[in-house]
Every structure is written in C-alpha cells, then in structure tokens.
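Report on one structure; see the data block that follows.
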Amino acid sequence: MFDFGAAHRHEGDRPGINNKGLVTFNRKVKKDAFYFYKANWNPEPMLYLAEKRNIQRQNPLQNFMAFTNTGGAELFINGKSYGKKKADELNMVKWENISLEKGDNKIEVVSGGKPLLRDGCVVKY
C-alpha cells in the first residue's frame, strides 16, 4: 500500500526506499495507481485526472488519461472540449495527441452523474 524503507534498495529517486506503493513514504501523496484501483474497486462515483503532478511539459502534443467508474468523461483544455470518451474495461479514458498552447494550460476532466464530477490541474508547456 505505501512506499517503505528498505536499506538494501539503491534504485529509483531515493536510496533506501521501496517506492512501489500506492501512497508515498510520508503518506501525504496518493499516486495515480491509487486512483486506478479506486476507480475499479470503489462503488462510489469517482473521477481522477492521471499525471497531473507532471505540471512542466516539454512537448506540445500530449496524451491525457483519467480514471473513472462513471462510464466515461470529457476532456477540456483552456475551456475547449476535446470530446467525451467512454471508459474501457479497466475504467480508463484516454485522449491522444492533444496540442497544448505555449504557457499555462488549464486541463480539466468532467464526468456526468449526480453530482457532476470534476478534476484537473494547470500544466505549462
């Protein structure tokens, strides 16, 4: 479930830490994988935009992914819709080769239902 100390480990970004958990070592950040499992195991409606901690993007063309158990989601970038997509059998929704504008880009995913679910972030290209 959590990253944990392991003195013999010398790979990854921090020596002595096994970082394959769903939550960081300090228990403060839930990783994307945590929300993947939540979308597949939790009955309560949920929506999560994956890779939103990656706020500094290097390429104008980006792929976006969301985890949801509501059947689908719609992607918005700077207020423009990039379409509604149905979730696959693993409750993932993907949009590929989406062009970002130079500077800050507001990324948001929205899923219907009651209440309307939203998640997002701002990334810089």
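The values are calculated or read from the model by the stated rules, or taken from the named source; none is laboratory data. No experiment lies behind these values; they were computed from the predicted model shown. FYI the Cβ positions are ideal-geometry reconstructions off the backbone, even for glycines, and counts take in every protein chain you see.
When Glu108, Glu89 are checked against the criterion of being over 22 Å from Met1 (Cβ atoms), charged (D, E, K, R), touching a Lys or Arg at 6+ places or on another chain (Cβ under 9 Å) and not assigned by TED's automatic domain parsing to the domain that holds Asp3, a single residue qualifies: Glu108.
Applying the selection to segment 102-112, what residues are in a loop (DSSP other than H, G, I, E, B) and closer than 17 Å to Ala39 by Cβ? Residue satisfying the conditions is Gly112 alone. Within segment 99-120, is even one residue touching a helix residue (DSSP H, G or I) at 6+ places or on another chain (Cβ under 8 Å) and not charged (D, E, K, R)? The answer is no; no qualifying residue exists. Residue check: is Ser99 loosely packed, with under 15 Cβ neighbours inside 10 Å and either of a type in the set (Gly, Ala, Ser) or closer than 24 Å to Ala33 by Cα (or both)? The answer is yes for Ser99. Hey, any hits in segment 26-45 for a residue that's in contact with a Gly (Cβ under 8 Å, 6 or more places away or on another chain) and assigned to a strand (DSSP E or B)? No: zero hits.
Go through the residues of segment 105-119 one by one and say whether even a single one is among the polar types (S, T, N, Q) and free of Cβ contacts under 8 Å to residues at least 12 places away in the same chain.
Within segment 105-119, not a single residue is among the polar types (S, T, N, Q) and free of Cβ contacts under 8 Å to residues at least 12 places away in the same chain.
Scanning segment 49-79 for residues that are loosely packed, with under 10 Cβ neighbours inside 10 Å and in a strand (DSSP E or B) gives a single hit, Gln56.
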